[in-house]
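Below: the structure, in structure tokens.
No value in this document is a laboratory result; all are computed from the given coordinates. None of the values given here were measured: they were computed from a predicted structure. We place every Cβ from the backbone using ideal geometry, glycine too, and count neighbours over all the protein chains shown.
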Amino acid sequence: MLSLLLELGNLKRLPRTGWLLRGIPNPESIADHSYRVALITLFLADELKAKGVEIDVERALKIALLHDLAEARVTDIPLTAQHYLDKGKAEKKALMELLLASPSPREYFKLWREYEEGLSLEGRLVKFADKLEMLIQAYEYERAGFSNLDEFWGALEKLRESEFYGYFRELVEGLVALRKQNR
């Protein structure tokens with residue numbers, strides 16, 4: 001397991017390449033992104049639970065922590081490169097190999113699939129949190145003076161189409177309003 005933990009340190013060093021390609025120097029790392037996704041997942045899951053939705057918060061957090069693990073080996077493949085590569089296949093293979101050194105490879109892989117394929121409420125919530133985190137980051141970069149990030153805001157439609165939008169409409173639209181206010 002030590003070799004796995006050491007390799008996962010790559011997530012702290014590897015940048016999110018979409019930001020690099022848009023000219024943002026020293027962008028957030030994959031680990032930075034994953035950490036905030038986990039926090040957003042925690043807060044959203046607890047909010048859903050408070051509103052009477054049956055959701056397994058621990059399961060959602062596990063999924064959030066695992067969702068980008070494969071990127072320790074395959075890096076954060078930007079959308080432009082995904083056109084030429086089978087990102088899903090590469091991440092699946094990398095994750096399967098990584099998880100062999102973990103205490104529960106089958107369970108963790110199953111949780112990752114729930115995220116990738118939207119197989120559970122918890123997996124879909126993490127997908128929502130992932131997109132929301134990316135938009136919050138885009139807003140922060142725009143506020144810092146970077147431009148040419150409109151393509152990232154295309155994820156807004158996915159959020160609005162999500163089953164969670166009704167619960168978190170105010171949050172999503174609040175971010176959109178902040179963006180308009182600061183442009």
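Sequence-distant contacts, meaning Cα pairs under 8 Å at least 6 residues apart, place the relative contact order of the chain at 21 percent. Sorting Ser147, Ser102, Ser120 from the fewest to the most surrounding beta carbons within 10 angstrom yields Ser147, Ser102, Ser120. Working ranking of peptides 21-29, 69-77 by packing, defined as the average number of other Cβ atoms within 10 Å per residue, highest first, is 69-77, 21-29.
Legend: calculated FRET efficiency, Lys49 to Leu20, from the Cβ-Cβ distance at R0 = 35 Å, rounded to 0.05, equals 0.40. Give me the number: length gained by fully extending Tyr165 to Glu140, i.e. 0.36 nm times residue separation minus the C-alpha to C-alpha distance, one decimal in nm. Extra length available between Tyr165 and Glu140 comes to 6.8 nm.
Computed from the C-beta positions of Ala177 and Val57 and an R0 of 25 Å, the FRET efficiency is 0.30 to the nearest 0.05. Step through the table entries Lys49/Lys93; Lys12/Lys49; Lys87/Lys127; Lys87/Lys110; Lys12/Lys180; Lys62/Lys127, compare each Cα-Cα distance with 23 Å, and write down the pairs that go over it. Those over the limit are Lys49/Lys93; Lys12/Lys49; Lys12/Lys180. A simple rule links phi to the HN-Hα coupling: the Karplus curve 6.51 cos²θ - 1.76 cosθ + 1.60 with θ = phi - 60°, which for the range 6-20 gives 5, 5, 5, x, 4, 4, 6, 9, 7, x, 6, 6, x, 6, 4 Hz, with x for Gly and Pro. Fully extending the segment from Leu39 to Leu4 would add 10.3 nm, taking 0.36 nm per residue of separation and subtracting the current Cα-Cα distance. The magnitude of the dipole of the range 2-181, with charges of +1 and -1 set on the Cβ of Lys/Arg and Asp/Glu and taken from the Cα centre, is near 220 debye. Here the spin labels are modelled as points 7 Å beyond Cα on the Cα-Cβ line, and at Arg106 and Lys158 they lie 3.1 nm apart. The C-alpha radius of gyration of the range 90-183, expressed as a fraction of 2.2 N^0.38 Å, stands at 1.33.
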